[in-house]
Amino acid sequence: MARVVLGVAGGIAAYKACSLLRLLTENGHDVTVVPTAAALRFVGAPTWEALSGHPVSTQVWDDVAEVPHVRLGQAADLVVVAPATADLLARAAAGLADDLLSSTLLTARCPVVMAPAMHTEMWGHAATRANVATLAARGVTIVPPASGRLTGADSGPGRLPEPEDLYAVCERLLAGDRREAEDRREAGPLAGRSVVVTAGGTREPLDPVRFLGNRSSGKQGFALAAVAAARGADVLLISANTSLPAPPGVTVVPGDTALEMRDGVLSAGKAADVVVMAAAVADFRPREYATEKIKKTYGDGADGGRGAEAAPTIELVRNPDILAELVAARGDDASPVVVGFAAETGDAHGTVLEHGRAKLERKGCDLLVVNEVGAGKAFGQDTNTVTILRQGSSHTVEAGPASKEAIAAAVWDAVQDIL
Ligand code: CTP
C-alpha cells in the first residue's frame, strides 16, 4: 500500500481522473485527492470524497492545526497530477504555493507525475514548453498528452492519456521507489536489527472526557523511528496520542497511557536489539477513573454548605518506570541497548547536565539524551538541541540546534557505537 496524492487541476479531463482514482484505490493504495478550486467546477468534492474515502480540500486554510499544506506532500509516496493544466504547470514551475495542490508539490520529496491536458495551442506555446522542460529537469515525470479529439470540434495533441496508462506509470514509479528503498535498507548500518521506539506523551484518564497529559508532540520519536528504518532496522513505534503519519517502513502501534505503553515496551523489548524511550511517560495517574463525567456541581449538598466552591481532590498514584523496568529485566548480555530521554530544566540543585548525569546513574540505561526544556524549547518545535551522555563514560556528544532528524541521526550514531 502506498500513500498517493492525486492532484486534479481545472480541466474537462478531470472526469477521467475519477477512473485513475478508482484504479489506485482498487489496487490497495491510500489516495488523498487534492483538486484545485477550478477542478471542483468540473467534478465536485462529494465525488472525490466518496471514491477516495478521504475529505477533500483545495486550500491551505482548512484543518490548519494538521498543517495539511506540508503534511500531505511530506507523507506521500507518490504525487500524480492528472490533468495538469497549462496554469498548473506554470504555477508548479514557478514554485508558487497559493493553494493546497501547489503547496503539496513544493513539499513532496517522492516521485511526482504530471499528465498535462489542454488545447493543442496551449500545449504548443513556448511558455508551456518552457514550464514542462523546467519541471522535467527537476525530476518530474511528464506523461505527454495523447492526440485525438479535444473538447469542441478540434483535435490534436492535448488529450489526457487513458487512466490505465497513467496508472501503469504510477505503479512503475512506486515499484522503482520501493526497490531503491529496499537496496538502501539492506546496506544500512542497522540492517537486521530490531528496534522499538516510543513517541508522544501519555494521557492518564480521569473521566471519559478528561486526562492528565503533557506537551510532547511525538516529533522527535517519529524522527528516531524514520532514521532507524532508513538505516535498515525493523522498527516498531509505540506511539502515545500523536497524529503524525507513520514514517515509511515503520510499524506504528498505540500505547496511549503509561500502563498500555509499558505492556507494549516490555513485550516487544524482549526480542529487540535497541529500545529508545523518547515518549514522555506520565509519572503519575489518577488513582480513580470516574466512569461518568465529573460534574462542576461535584460535592454540592454533601459539603456542609460550601456550594459553588466545592471541587474534587484528585489523588494520584505512581506509574511504573518503564525504562527502569526494562533495564532491570536485562540479562547478562545487557541486551537490548536502552536509550532514555530527559527533558530537564536547571534549578537551585544543579544544571541541566548535572541533573542528566544523576538520572543516567539512577536509571541505569546505556545512553541518556538530555535536552533543556522551557519557554519555546523542544516541545512541538521542529528543531532540538541535545547532549548525549553514555553510561560509564565522561565523553559527551552535543547535537544541534538541528532538525529532529539530524538529532535522531546523532542518537543512532551513538547507539551504533555500542552495538
Ligand atoms: N520514563 C519511563 N517511565 C516513566 C517515566 C519516564 O520509562 N514512568 C522514561 C522516559 O521515556 C524517558 C526517561 O524515562 O526516557 C526519563 O524520563 P523523566 O520523566 O525525565 O524521568 P523521571 O525518572 O520521571 O525523572 P523526573 O523526576 O525528572 O521526572
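The values are calculated or read from the model by the stated rules, or taken from the named source; none is laboratory data. Small disclaimer: the values here were computed from a predicted structure and weren't measured. Cβ atoms come from the backbone with ideal geometry, glycine included; neighbour counts cover every protein chain shown.
The set of residues from segment 263-296 being within 12 Å of the ligand (Cβ to nearest atom), under 27 Å from THR313 (Cα atoms) and either of a type in the set (Asp, Glu) or surrounded by fewer than 20 Cβ atoms within 10 Å (Cβ to Cβ) (or both) comprises ASP283, PHE284.
Residues of segment 30-51 that are in contact (Cβ under 8 Å) with a residue 40 or more places away in the chain and in contact with a strand residue (DSSP E or B) (Cβ under 9 Å, 6 or more places away or on another chain): THR32, VAL34, PRO35, THR36, TRP48.
Does GLY400 satisfy being modelled with pLDDT under 95 and part of a loop (DSSP other than H, G, I, E, B)? So GLY400 fails the test.
Determine which member of the set GLU315, GLU325 is touching a Lys or Arg at 6+ places or on another chain (Cβ under 9 Å), surrounded by fewer than 12 Cβ atoms within 10 Å (Cβ to Cβ) and modelled with pLDDT of 95 or more.
GLU315
The combined condition, being of a type in the set (Asp, Glu) and under 25 Å from VAL275 (Cα atoms), is fulfilled by ASP234. Identification of strands (runs of 3 or more DSSP E) wholly contained in segment 247-289 with 2 or more residues that are over 23 Å from the mean Cα position of the chain (by Cα) and at pLDDT 95 or above yields 284-286. Taken as a whole, the condition of being within 21 Å of the chain's Cα centre (by Cα), within 16 Å of the ligand (Cβ to nearest atom) and in a helix (DSSP H, G or I) applies to GLY221.
Quick one: would you say ARG210 is surrounded by fewer than 16 Cβ atoms within 10 Å (Cβ to Cβ) and modelled with pLDDT of 95 or more?
So ARG210 passes the test.
One residue stands out among those in segment 320-334 that are in a loop (DSSP other than H, G, I, E, B) and within 29 Å of the chain's Cα centre (by Cα): the one that is farthest from the ligand (Cβ to nearest atom), which is PRO320.
Taken together, the criteria exclude LEU190 from residues that are crowded, with 18+ Cβ neighbours inside 10 Å, under 30 Å from TYR15 (Cβ atoms) and not β-branched (Val, Ile, Thr). Could you tell me whether segment 268-276 includes any residue that is assigned by TED's automatic domain parsing to the domain that holds ALA399 and under 23 Å from MET1 (Cβ atoms)? Checking segment 268-276: at least one residue is assigned by TED's automatic domain parsing to the domain that holds ALA399 and under 23 Å from MET1 (Cβ atoms).
Taking LEU353, is it within 12 Å of the ligand (Cβ to nearest atom), in the same structural domain as GLU204 (by TED's automatic domain parsing) and not acidic (Asp, Glu)? No: the conditions fail for LEU353.
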